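Trainee: Before I ask anything, here is the structure I am working with.
The values are calculated or read from the model by the stated rules, or taken from the named source; none is laboratory data. Everything numeric in this text was worked out from a predicted model, so none of it was measured. No Cβ is skipped: glycine too gets one built from the backbone with ideal geometry, and neighbour counts run over all protein chains shown. Quick note on the areas: whole protein, heavy atoms, side chains included, nothing else; ligands and nucleic acids left out. Shrake-Rupley method; radii C 1.70, N 1.55, O 1.52, S 1.80 Å.
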Amino acid sequence: VPLDPKLPKGRVSEFSVPKSLQKTLASGAEDVEDVFVAVRLRKWSKGMSMPMMDIIEVVGKGSMGDDLDFMTKVIVAEHGIESGDFSADATACLPKVKVGDHWKIPPEEMKRRVNFREKLVFSIDPPTARDLDDALSVQVLPDGCLNVGVHIADVSHFVKPDTPLDAEARERGTTTYLVHTIFPMLPRLLCENLCSLNPGVERLTFSVEWKMTRGGVVKNVSFKRGVIKSAAKLSYIHVQNVIDAGSDVNKAKEALDDVKFSGAYTAEDVIESISILNAAAKAMRKKRFEAGAVRLDQPKVGFELNDDYEPVGAAPYVIRDSNRLVEEYMLLANMYVAEFIAEIFPSHAMLRCHPPPNERKLMELSTFASEHDIDIDISSSKRLHDSLRAIARDSQDLFDIVQLLATKPMQLAKYFCTGSVDEEQWRHYALAVPYYTHFTSPIRRYPDIIVHRLLAAALEHAERQGKSSERDVVEKHSLMTPEICSDVADHCNERKLAAKYAQERSQHLFLCKYLQKNPVIARAIVRQLGQQYVVAYL
């Protein structure tokens, strides 16, 4: 009987039952009611009422919902998440760093890179983050414009193509974040140490710098491999408190009381940078939505856990200006990198597209809205966004429901290879841009590592002013063929979706566990009635 009620029940082929289960079956059927197994569909012939399944793994015996660790094990097995240690071959690819030692950048590598170590660079992440992918910098230029930098961990320096480590990272595809545990894409030596942009240590980066106005209008862009020395690790809470303090410098400094700064920079320097970056980010965000972008946020639940990792508190995760600040610069970096690599490698680049909404489901949304006297325009992404904002101003409850319904026609964004898809299908509907990719999280997403390799090759090609052909550059940098790139893109799409579903299942599991001990009576809005069911929004 599958955990997913949408899937059919199946008959288990007798030869696939492990000996351990055969003994249990012989003693009585009730002993296997709480045994969880992973199965593979073998056949579903015409005339068979249910498919034939083969058992491929016995996950274990336990009760639904009682044991969080066991149910997490079930979720991991259900979605094929790789939870084991990295192989000896993969770990052999890592730098030889003893416990307690600081890894030093080789002098020859330092010579090849731009020195950003004297710049004020800092990271902004969730309070518990240990894999720090990205950091920001800003400098006011003599002409009043800004030099803004997004500095991304240079994972591709450590993960070389065609190595066991690369193969294992590719197979995992992404880091999977569950409520109380993480299954990383890379060994912890890389994701929490050598690649992580921790404060006070020199780290390798791939950096994007823009000259832009204070209103976020980009004048020019450059891509560089560099070295940074982050001055501080800030959390979204720190930055939000600084933003909320406004012009009150003392209050802003109090918000950073527990932050340790390295180098010559002070809290005042960081506060000024946050203020400048936030103002430009707000202006860019405003222009982005005016150009047709649409934002549909899915509600997420955050949990407070005790020492035994059991939920003792639950609340919606709120997106604030500090989150939006970081998001705006990450989006900008992804867009500019996407355009650059697609221009240099029109057949080999890995981009990310978002197809337009499903027309039939979009019409269902429009019909629902008209039946309930809700004014919503579905003719374009911009008009849909403007309609949702107008509803939000009138009623937050109604906005929550309509936004939830508006996500249903949306198709999934996906990775693709430019050599396998017609250019008119490259666009990203929700962002309303012609080019987009993932560049900013190489510690936790494999496509970003591929994009870093593409960017490195594209920069070399551009520096040589096109003297080498695309094919020569592809061969020199061991870039994938369009066919292999397309296969990897498909695999990464599948792994990203599996990680998403596993995360949602984990959140649902912990919410149920919390509500078992902390029942809540809540106001709900009925949005749909059936003969045997009610759909309600809390």
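Trainee: Within segment 26-43, restricting attention to residues that are over 36 Å from the mean Cα position of the chain (by Cα) and surrounded by 14 or more Cβ atoms within 10 Å (Cβ to Cβ), which residue is nearest to L178 (Cα to Cα)?
Mentor: Step by step, filter segment 26-43, then rank; the result is V32.
Trainee: Where in segment 441-538 are there helices (runs of 4 or more DSSP H), lying fully within it, with 2 or more residues that are without any contact (Cβ under 8 Å) to a residue 24 or more places away in the chain and surrounded by 11 or more Cβ atoms within 10 Å (Cβ to Cβ)? Before you say what the answer is, go through the steps one by one.
Mentor: Numbers: elements: 446-463, 470-476, 482-517.
Output list reads 470-476, 482-517.
Trainee: Out of everything in segment 373-432 that is crowded, with 19+ Cβ neighbours inside 10 Å and of a type in the set (F, W, Y), what residue ends up being farthest from the chain's Cα centre (by Cα)?
Mentor: Selected residue: W426.
Trainee: Quick one: how many residues across segment 359-372 are open to solvent by 70 Å² or more (accessible area, probe 1.4 Å) and either part of a helix (DSSP H, G or I) or at pLDDT 90 or above (or both)? Talk me through it step by step, then tell me what you get.
Mentor: Let us first name the residues in segment 359-372 that are open to solvent by 70 Å² or more (accessible area, probe 1.4 Å), namely 359-361, 363-364, 370-372.
So of that shortlist, the ones also either part of a helix (DSSP H, G or I) or at pLDDT 90 or above (or both) come out as 359-361, 363-364, 370-371.
Residues in segment 359-372 being open to solvent by 70 Å² or more (accessible area, probe 1.4 Å) and either part of a helix (DSSP H, G or I) or at pLDDT 90 or above (or both): 7 in total.
Trainee: Among the numbered criteria (1) touching a residue at least 12 places away in the same chain (Cβ under 8 Å); (2) open to solvent by 60 Å² or more (accessible area, probe 1.4 Å), which one does K286 miss?
Mentor: (1)
Trainee: For segment 289-321, give me each residue that is touching a residue at least 60 places away in the same chain (Cβ under 8 Å), open to solvent by 100 Å² or more (accessible area, probe 1.4 Å) and touching a Pro at 6+ places or on another chain (Cβ under 9 Å).
Mentor: Listed by number, the list holds a single entry, K300.
Trainee: Out of all the residues in segment 420-440, which are more than 26 Å from E168 (Cβ to Cβ), in contact with a helix residue (DSSP H, G or I) (Cβ under 8 Å, 6 or more places away or on another chain) and either part of a helix (DSSP H, G or I) or among the small types (G, A, S) (or both)?
Mentor: A430, A432
Trainee: Just one of V140, V114, V74 is in contact with a Gly (Cβ under 8 Å, 6 or more places away or on another chain), surrounded by fewer than 22 Cβ atoms within 10 Å (Cβ to Cβ) and either among the small types (G, A, S) or modelled with pLDDT of 95 or more (or both); which is it?
Mentor: Values: V140 fails: in contact with a Gly (Cβ under 8 Å, 6 or more places away or on another chain); V74 fails: either among the small types (G, A, S) or modelled with pLDDT of 95 or more (or both).
Just a single option satisfies the conditions, and that option is V114.
Trainee: Tell me, please, whether a residue that is under 27 Å from N493 (Cα atoms), touching a helix residue (DSSP H, G or I) at 6+ places or on another chain (Cβ under 8 Å) and acidic (D, E) can be found in segment 26-40.
Mentor: No.
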